[in-house]
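Enquirer: My structure is below; once you've seen it, I'll send some questions.
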Amino acid sequence: GLKKWVEVGNSGVFRPELLLPIGLPENVSVIAWGLSLERPTMIKYGINNIRELVGHRVNLQMVYDSPMCRLDG
């Protein structure tokens with residue numbers, strides 16, 4: 001429906017400075033991968049900038065109003 005490619009799976013290699021504080025030696029490589037549910041969520045809610053979905057710029061009112069997220073425990 002978007003008429004363009006959308007990344008829904010992602011992967012990468014952790015940078016050494018992120019691994020040193022948790023005690024891994026410099027010569028260790030760590031890969032990561034995931035489903036990347038951020039992209040489909042951005043499409044569903046019309047969010048153009050991923051920083052509005054994760055991080056300090058998140059619109060908490062959208063989280064509270066979302067039927068997909070329960071915060072009342």
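The values are calculated or read from the model by the stated rules, or taken from the named source; none is laboratory data. Just so we're clear, the structure is a prediction, and the values are computed from it rather than from any experiment. Counting neighbours? That spans all protein chains shown, and the Cβs are built from the backbone with ideal geometry, glycine included. These accessible areas exclude ligands, DNA and RNA; they are computed on the full protein's heavy atoms, side chains included. Shrake-Rupley method; radii C 1.70, N 1.55, O 1.52, S 1.80 Å.
Enquirer: Count neighbours as other Cβ atoms within 10 Å of each site's Cβ, and list the GluC sites (Glu not before Pro) in the range 1-68 that are DSSP loop with at most 11 such neighbours.
Expert: Glu7, Glu26
Enquirer: Among Tyr45, Gly34, Asn59, whose Cα sits farthest toward the positive end of the charge dipole of the chain (+1 at Cβ of Lys/Arg, -1 at Cβ of Asp/Glu, about the Cα centre)?
Expert: The residue sitting most towards the positive pole is Tyr45.
Enquirer: Could you do me a favour and compute the accessible area per residue for the chain, 1.4 Å probe, result in Å²? Let's see the in-between values first.
Expert: Values: 6520 Å² over 73 residues.
Solvent-accessible surface per residue comes out at 89 Å².
Enquirer: Running a GNM on the chain with Cα contacts under 10 Å, which residue among Val13, Val58, Val28 ends up with the highest mean-square fluctuation?
Expert: Most flexible of the set in this elastic network: Val28.
Enquirer: Moving to a separate point now. Do me a favour and compute the ellipsoid semi-axes for the range 9-65 from its Cα gyration tensor, root of five times each eigenvalue, largest one first, whole Å.
Expert: On the way: eigenvalues 191, 39, 13 Å².
Working through the eigenvalues yields semi-axes of 31, 14, 8 Å.
Enquirer: Moving on. Using the Cα centre of the range 9-65 as the reference point, and only Cβ charges (+1 on K/R, -1 on D/E), how large is the resulting charge dipole? Debye, rounded to the nearest 20.
Expert: Details: 5 positive and 5 negative charges, 31 e Å.
Charge dipole, the range 9-65, about its Cα centre: 160 debye, nearest 20.
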